[in-house]
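**Q** The structure is given below, and queries will be raised subsequently.
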Amino acid sequence: MTTGRVLRRGAVLGFGALWWWAAARLLLAPDAGVVEGAVAAGGWGLSLLPVRCVPKARAEGALAAGRWRRAWSSARRGRVRSAGGSGEAAG
């Protein structure tokens with residue numbers, strides 16, 4: 001294993017143990033207070049974040065920057081055709 005991976009796993013285990021300690025103190029200790037509540041709430045809030053985040057440019061299926069702007073500007077110039085027709089107005 002690389003050093004970075006070992007450090008990351010150690011941090012995850014350490015923060016996980018800290019969160020469980022805070023949660024257990026909130027449930028079991030009558031003198032638990034603000035610190036335990038903050039640690040437990042912060043850990044729960046972090047669990048709501050996405051685990052795998054990548055830059056938009058590298059994300060699979062991501063839309064290119066400015067795509068909607070180009071679509072709207074071409075629509076204003078009359079370059080958009082309907083999906084089923086020849087582009088001529090019916091009438």
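The values are calculated or read from the model by the stated rules, or taken from the named source; none is laboratory data. Please read all numbers here as calculations on a predicted model, not as lab measurements. Counting neighbours? That spans all protein chains shown, and the Cβs are built from the backbone with ideal geometry, glycine included.
**Q** Quick one: what pairs do we get from the stretch 31-47, first residue free of Cβ contacts under 8 Å to residues at least 12 places away in the same chain, second of a type in the set (D, E, K, R) and assigned to a helix (DSSP H, G or I), C-beta under 7 Å, 6+ apart or different chains?
**A** Close Cβ pairs satisfying both conditions: ALA32/ARG25.
**Q** Quick one: how many residues across the stretch 39-77 are more than 22 Å from the chain's Cα centre (by Cα) and either of a type in the set (Gly, Ala, Ser) or modelled with pLDDT under 75 (or both)?
**A** Adding up the residues that qualify gives 6.
**Q** Hey, another quick one. Here is a list of conditions, (1) assigned to a helix (DSSP H, G or I); (2) at pLDDT 85 or above, and ALA32 meets all of them except one; can you say which number that is?
**A** (1)
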